[in-house]
Amino acid sequence: NNTKKKDDKTKSKKNATDKKKDKSKNDTKKKNKDKKNGTDKKKKDDKSKNNTKKKDDKTNSKKNATDKKKDKSKNNTKKNDKNKKNGTDKKKKDDKSKNNTKKKDDKTNSKKNATDKKKDKSKNDSKKNNKDQKNGTDKKKKDDKSKNNTKKKDDKTNSKKNPTNNKKKEDKSKNNTKKKDDKAKNKENAADKKKKNDQSKNNSKKTEKDKNKKNGTDKKKKDDK
């Protein structure tokens, strides 16, 4: 009985030890399992965080690309608007410049036409005056010739009556005729001289005007350049 008691005690002790060992083993297993589960959970959480970060990064990258695109589009619009405005301003400036040039040209042409018209009128008036003067001179010559012929006839008739007086009269008549012819010739020469002088003056004025116009054109070209 005592031996049995001892054995039971030993067995009970052993069972207690085994139980303690099992408990310790189970605790270790549980600890290891909890540790593993904790590690797995951490890994899972880290993976989830990483995936979330990747998604966020992707979203941000997309957003940045969209923002960049928007900014580029905005800048291009601004640039286009500026270029369009500059183009419009340049066109306005060019149109104004062309219009001013046209006005100047029209003014110059108008001035030139007025000068040409004046020259033509002066030329025509001069021609008319010369023609009238020539016609007047021719008529006077004709009248003088007719009077002279009449006088000659009268002188001839008188000559028969009085040869001495007639010769004196004839000489006087010849002298008067010569004086008249000289006067008419001088008048004609004066008219020709005046015409030449007027022509020379007009040519000088034209040369001066052309020179001024050329200088003006050269200056304008230089200014434009």
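The values are calculated or read from the model by the stated rules, or taken from the named source; none is laboratory data. In this text the structure is predicted, and so the values were computed from the model without any measurement. Cβ sites come from the backbone with ideal geometry, for glycine too, and all protein chains shown count toward neighbours. The protein model used for the area step is the full one, side chains on, heavy atoms only, and it has no ligands, DNA or RNA in it. Shrake-Rupley method; radii C 1.70, N 1.55, O 1.52, S 1.80 Å.
Data table
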item: Correct option for Cα Rg over 2.2 N^0.38 Å [calculated from the coordinates] among (i) 3.85; (ii) 0.96; (iii) 1.09; result: (i)
item: 0 to 90° range, to nearest 10: angle between helix 2-161 axis and the chain longest Cα axis; result: 0 degrees
item: Computed over the stretch 23-145, Kirkwood Rh from alpha-carbon pairs, angstrom; result: 25.7 Å
item: Set of lysines near LYS6 by C-alpha distance (under 27 Å), chain-local residues within fewer than 8 positions excluded; result: LYS14, LYS19, LYS20, LYS21, LYS23
item: Fraction of accessible area attributable to carbon and sulfur, the stretch 113-225 (%, probe 1.4 Å); result: 50 percent
item: Rounded accessible area per residue of the chain, 1.4 Å, Å²; result: 96 Å²
item: Computed accessible area, THR3, all protein chains, 1.4 angstrom probe, square angstrom; result: 100 Å²
item: Charge dipole (the stretch 1-151, unit charges on Cβ, about Cα centre) - positive-most of THR3, THR59, ASN100; result: THR3
item: FRET efficiency, LYS147 to SER122 (Cβ-Cβ, R0 30 Å, nearest 0.05); result: 0.25
item: Point-to-point label distance, LYS79-LYS55, nm (Cα→Cβ direction, 7 Å offset); result: 3.8 nm
item: Set LYS139/LYS201; LYS128/LYS187; LYS103/LYS206; LYS142/LYS172; LYS98/LYS119 screened for pairs whose C-alpha atoms are more than 25 Å apart; result: LYS139/LYS201; LYS98/LYS119
